[in-house]
Amino acid sequence: MTPPPDSAPAGAPAPVAFATLKIRVSALVYCGDEVALIRRDRPGSVHYSTPGGNVEPGEDLRDALARELAEELGLDVGQADGGELVWTVDQRVNRPGPTPPPRKLHLIHRLRVTPAVREGLATVEYDELPDGGHEAGHIVWIDHRATAHLPLFPPIGPHLAYLGPYDTVTDAALPAVTDATYRWV
């Protein structure tokens, strides 16, 4: 029997949590004071995330952001204003499952779209699951000032509540997300 790909061969040291680093690019896409978030409804919970995803090996960061926004929102970044990096979040959170969690660096950008562009964007985003199925996420537009207490991951809601579409960011490094500061949903 062949061991699962995430397990170590007999006698080898067990994989270590946070030994690998993944980079996730995402965006706060504003239309006026509203920001696009992906809402995922799961049994017993609801959570939100910013549109984006993992950077592929060898992929340029800006290309990854453009690809992810096209895949999830149907947004051509050429139709948007901005694109500046506003926040970084260092994630070191254990999670359920047999695979050791990676350390993940979230690079969060800000873009602005017009109401006309917003009209043409997706309303549902489909995430591929490990079993080959898909999970639907609903694209919702929420006034950024109402995000402070949303179950948003990474947990940027309190910061987002104060960041308008044109506000200046003075420190891009947000607090790290660790087991001491976050409980996995």
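Restricting everything to alpha-carbon atoms, can you work out Rg to Rh for region 84-185 with a Kirkwood hydrodynamic radius?
Details: Rg = 15.7 Å, Rh = 15.9 Å.
Here the Rg-to-Rh quotient is 0.99.
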**Report entry** Virtual spin-label span in nm between Arg95 and Ala70, 7 Å along Cα→Cβ
**Finding:** 2.5 nm
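Using a cut-off of 15 Å between beta-carbons, work out the net charge of the residues near Arg145 (Lys and Arg +1, Asp and Glu -1, Arg145 not included).
Numbers: positive: none; negative: Asp33, Glu34, Asp143, Asp167.
Once positives and negatives cancel, what remains is -4.
Quick one: which of 160-167, 31-38 comes out on top by average Cβ neighbours within 10 Å, and what's the full order, highest first? Spell out each step's value before the answer.
Numbers: 160-167: 15.9, 31-38: 20.5.
Sorting 160-167, 31-38 by mean packing, highest first, produces 31-38, 160-167.
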Report task. Would you mind giving the average projected area, over all directions, of the Cα convex hull of the chain in nm² with one decimal? Result -> 12.2 nm²
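By the scheme Lys and Arg +1, Asp and Glu -1, what is the net charge of all other residues having a beta-carbon under 9 Å from that of Leu105?
Values: positive: Lys22, Arg24, Arg103, Lys104; negative: Asp90.
Result for the neighbourhood of Leu105: +3.
What length, rounded to one decimal in nm, is gained on full extension from Val16 through to Arg183, with 0.36 nm per residue of separation minus their alpha-carbon distance?
Working: separation 167, 0.36 × 167 = 60.12 nm, distance 1.99 nm.
Value of the extension gain: 58.1 nm.
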Query raised in the report: Mind checking the angle between helix 61-73 and the chain's longest principal axis? C-alpha axes, 0 to 90 degrees, to the nearest 10.
Result: 80 degrees
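Let's test the formula: R0 of 22 Å, r as the Cβ-Cβ distance of His47 and Val169. What FRET efficiency results, to the nearest 0.05?
Values: r = 24 Å, r/R0 = 1.10.
Rounded to the nearest 0.05, the efficiency is 0.35.
By the scheme Lys and Arg +1, Asp and Glu -1, what is the net charge of all other residues having a beta-carbon under 14 Å from that of His47? Each step should come with its number before you reach the end.
Values: positive: Arg39, Arg40, Arg42, Arg95, Arg183; negative: Asp41, Glu125, Asp127, Glu135.
My count for the surroundings of His47 gives +1.
Can you tell me the accessible area per residue over region 62-185, all protein chains present, probe 1.4 angstrom, in square angstrom? All intermediate terms of the calculation are to be shown ahead of the outcome.
Values: 6760 Å² over 124 residues.
For region 62-185, the per-residue accessible area is 54 Å².
The values are calculated or read from the model by the stated rules, or taken from the named source; none is laboratory data. Given the structure is predicted, the values throughout are model-derived calculations rather than measurements. FYI the Cβ positions are ideal-geometry reconstructions off the backbone, even for glycines, and counts take in every protein chain you see. All accessible areas refer to the heavy atoms of the entire protein, side chains included, with ligands and DNA or RNA removed. Shrake-Rupley method; radii C 1.70, N 1.55, O 1.52, S 1.80 Å.
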